[in-house]
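The structure appears below as structure tokens.
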Amino acid sequence: MAQPGRNDLLQWREAKPSNYFATVLDLESVLELRMGRPLDLSTTEDFSSFGLRVATVIEPAVQILERNREFPKLRPYDELGVPIDEIEFHPANDVAARAAWASGMLATRLDFHGAFELATKFLLLSHVGEGGQACPIVCTIGMRRAIEHRASGAIKDLYLAGLTGTDASSALRGSQFLTEVQGGSDVGANVTRAVPDEVVAGAWRISGEKWFCSVADADLFAVTARPDGALPGTKGLACFVIPRSLDGVSPNGFRLRRLKDKLGTRALASAEIDFDNALAFPIGELDQGFNIAVSELLNTSRWLNAVGSVGIMCRSYLEASTFARHREAFGVVIATYPAVREQLALIKAETAAALASTMALTELVGRIDEGAASPKEIAVHRFLVNANKYVTSIAASDIVHRAIEILGGNGTIEDFSPLPRLYRDAVVFESWEGTHNVLCAQVQRDCIRLGLLSPVREWVLNELSMLSAPDSSGAQRVKTILESLQEHLTTSLMEPAPQSANFRRQLTTLMDVIQATCLLREADQASASDEKSAIAALFIERHLVPDTIVTPPVWTRHVDEVLGATFAL
Ligand SMILES: Cc1cc2nc3c(=O)[nH]c(=O)nc-3n(C[C@H](O)[C@H](O)[C@H](O)COP(=O)(O)OP(=O)(O)OC[C@H]3O[C@@H](n4cnc5c(N)ncnc54)[C@H](O)[C@@H]3O)c2cc1C
């Protein structure tokens, strides 16, 4: 006998879209605002065709991997006991990789248009979470940027064509290994060594242990290492590229100790790797290693981590909103309950806010890549690339969690929806490419050292000045919060150590200000949806509440009292 509840679920499944490009609220209008012109037809078709392939090819492939726990496996030796250190993947992984690489994402130009093309395609891809593809793509793009911007002509000739390929079976994959066991965030404590090679001029030999090595199957590893005799700390780090193999078969001076068994991003191979005299080539000048690692690798990853977090949020809204329209409880469709409606509206508004700040960041990335950015825009980029990663990664976990709640018990079931998978991935997105505290500390240092607050403030005020109604109540609220934040932030920057916890909360509010500003700009567009103004108003109402930014001076004392006088001493 047909069960009415199951029929509702079947209809829910039928109602799910088969093209994610069409489902991201106002995406074309947001792109139009940040790109300064409407999308042309061929770009729209390109995005739409990839949105279709993500939903119909990549998502089903990722589902197979997760449903059957078909995660990467380490094959340390071949059948004759010869070390090969290979990683084996399920064929569904290759299906997903082929579709992702064929999108041309890896081949986008490093210019203004290219930044948006990459961000949009990566946003669509991230509707499946990490899916075993997102991290390899980000690492490969980071490696390509490092080599294109910094490496010698010989290294460019060797690797650039492979790194920008569109055929997953022949393209080169990149990875980036900074983290060591003694404290991942503290890259300056790295002890991996580099010594000049005695045979190949200009080449080096790398030895040491890297503790978190994602895309362990990569063809090229970007690695930070300290040349013998170099300075301690980050100043003494150089950046190298290590080819996986020199003869196409055997590992180039490394052993994969093991693959990590992770909470999320499980389709991705993350290993612990020991390097022992691996042949390597420098990327850029030796004494520029840390700068290259941050500006080419980490900044790319942090930007795209935010784009990926937005993809996870968009998918969460999609799953929860379609479910709520089909599920009945107590005889009524749950989307009619005010408490459910409020949750859905907030998920939608916060997702839109994350998209808004991330596309504003993409505009800055594009202007820098185009060579057109002013010093002020470069400063705002430096602030936003870290602060935006921090808030969007937290928002992603929070939003998937709330979407799971809307699906009720079904939300916790692994194969009922992608939400459990997205939730696990989102938690990993929070920690890699910089944990929350570390990013906040970085922003705080940058604000002190480079005076970033002033260009950020000017940028916000300039965005608000471009509104057709710059004195609307929403814009006024944003300005009021911005002004009162100013005073608290100044205190935090004068006394950085005791105030760093306060700074983190103030930075969160400053990011709310930035996201609200971007939403107001988007709502002002002629091409914006009718809901956009309401989204901006709801976000401002819930996130920019004047009294919440007051910083009680006794806060630090209470924390110490709660933990006890001898805690960690
Ligand atoms: C699945 C996965 C894959 C990864 N892949 C890679 C990879 O491919 N390559 C790579 O290089 N790394 C990789 N990482 C490592 C990741 O970037 C690190 O986990 C991250 O940098 C944090 O380092 P840690 O884990 O050692 O934490 P720690 O540095 O030990 O930090 C622990 C805690 O202390 C806090 N903390 C640290 N310093 C400060 C401070 N100054 N002020 C306040 N709080 C602080 C942190 O916020 C955190 O909460 C991966 C991580 C994961 C989870």
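The values are calculated or read from the model by the stated rules, or taken from the named source; none is laboratory data. Keep in mind it's a predicted model, so treat the numbers as computed, not measured. When we count neighbours, we look across all protein chains shown, and the Cβ atoms used for this are built from the backbone with ideal geometry, even at glycine. When the accessible area is computed, the model is the full protein with side chains, heavy atoms only, and any ligands, DNA or RNA have been set aside. Shrake-Rupley method; radii C 1.70, N 1.55, O 1.52, S 1.80 Å.
Can you tell me which residue within region 476-529, out of those that are in a loop (DSSP other than H, G, I, E, B) and acidic (Asp, Glu), is surrounded by the most Cβ atoms within 10 Å (Cβ to Cβ)?
ASP524
Could you give every pair whose Cβ atoms fall below 7 Å, whose first residue belongs to region 330-346 and is within 15 Å of GLY408 (Cα to Cα) and not assigned by TED's automatic domain parsing to the domain that holds GLU541, and whose second residue is assigned to a helix (DSSP H, G or I) and charged (D, E, K, R), counting only separations of at least 6 or pairs across chains?
Note: pairs meeting the criteria are VAL333/ARG325; ALA335/ARG325; ALA335/ARG341; GLN343/ARG402.
Which condition does LYS389 not pass, out of (1) of a type in the set (Lys, Arg); (2) more than 12 Å from the ligand (Cβ to nearest atom); (3) within 15 Å of the chain's Cα centre (by Cα), if it passes all the others?
(2)
Report yes if SER301 is of a type in the set (Gly, Ala, Ser), assigned to a helix (DSSP H, G or I) and open to solvent by 10 Å² or more (accessible area, probe 1.4 Å), otherwise no.
no
Return the residues of region 426-435 that are part of a helix (DSSP H, G or I) and either near the ligand (Cβ under 6 Å from one of its atoms) or without any contact (Cβ under 8 Å) to a residue 60 or more places away in the chain (or both); say none if nothing qualifies.
VAL428, GLU430, SER431
Among the residues of region 164-184, write down those that are within 6 Å of the ligand (Cβ to nearest atom) and open to solvent by 10 Å² or more (accessible area, probe 1.4 Å).
If the condition is that a residue be within 6 Å of the ligand (Cβ to nearest atom) and open to solvent by 10 Å² or more (accessible area, probe 1.4 Å), then GLN176, LEU178, THR179, GLY183, GLY184 are the ones that fit.
Hey, could you check region 436-450 for residues that are more than 10 Å from the ligand (Cβ to nearest atom) and either crowded, with 18+ Cβ neighbours inside 10 Å or of a type in the set (A, V, I, L, M, F, W, C) (or both) and say which is nearest to ILE312 (Cα to Cα)?
First pass over region 436-450, keeping only residues more than 10 Å from the ligand (Cβ to nearest atom): 443, 446-450.
Okay, now just the ones that are also either crowded, with 18+ Cβ neighbours inside 10 Å or of a type in the set (A, V, I, L, M, F, W, C) (or both), so 443, 447-448, 450.
Values: VAL443: 25, CYS447: 30, ILE448: 33, LEU450: 33 Å.
Applying the filter and picking the extreme gives VAL443.
Inspect all residues belonging to region 314-323 and state whether any of them is more than 30 Å from PRO196 (Cα to Cα), assigned by TED's automatic domain parsing to the domain that holds GLN182, surrounded by 18 or more Cβ atoms within 10 Å (Cβ to Cβ) and in contact with a helix residue (DSSP H, G or I) (Cβ under 6 Å, 6 or more places away or on another chain).
no
Only one residue in THR336, THR358 is among the hydroxyl-bearing types (Ser, Thr, Tyr) and open to solvent by 10 Å² or more (accessible area, probe 1.4 Å), so which one is that?
Just one listed residue meets the conditions, THR336.
Does region 187-206 hold any residues that are open to solvent by less than 40 Å² (accessible area, probe 1.4 Å), more than 16 Å from the ligand (Cβ to nearest atom) and not hydrophobic (A, V, I, L, M, F, W, C), and which are they?
The answer is ASP197, and nothing else.
In region 413-429, what residues are closer than 21 Å to LEU346 by Cα and either in the same structural domain as LEU268 (by TED's automatic domain parsing) or surrounded by fewer than 21 Cβ atoms within 10 Å (Cβ to Cβ) (or both)?
Answer for region 413-429, where residues must be closer than 21 Å to LEU346 by Cα and either in the same structural domain as LEU268 (by TED's automatic domain parsing) or surrounded by fewer than 21 Cβ atoms within 10 Å (Cβ to Cβ) (or both): PRO420, VAL427.
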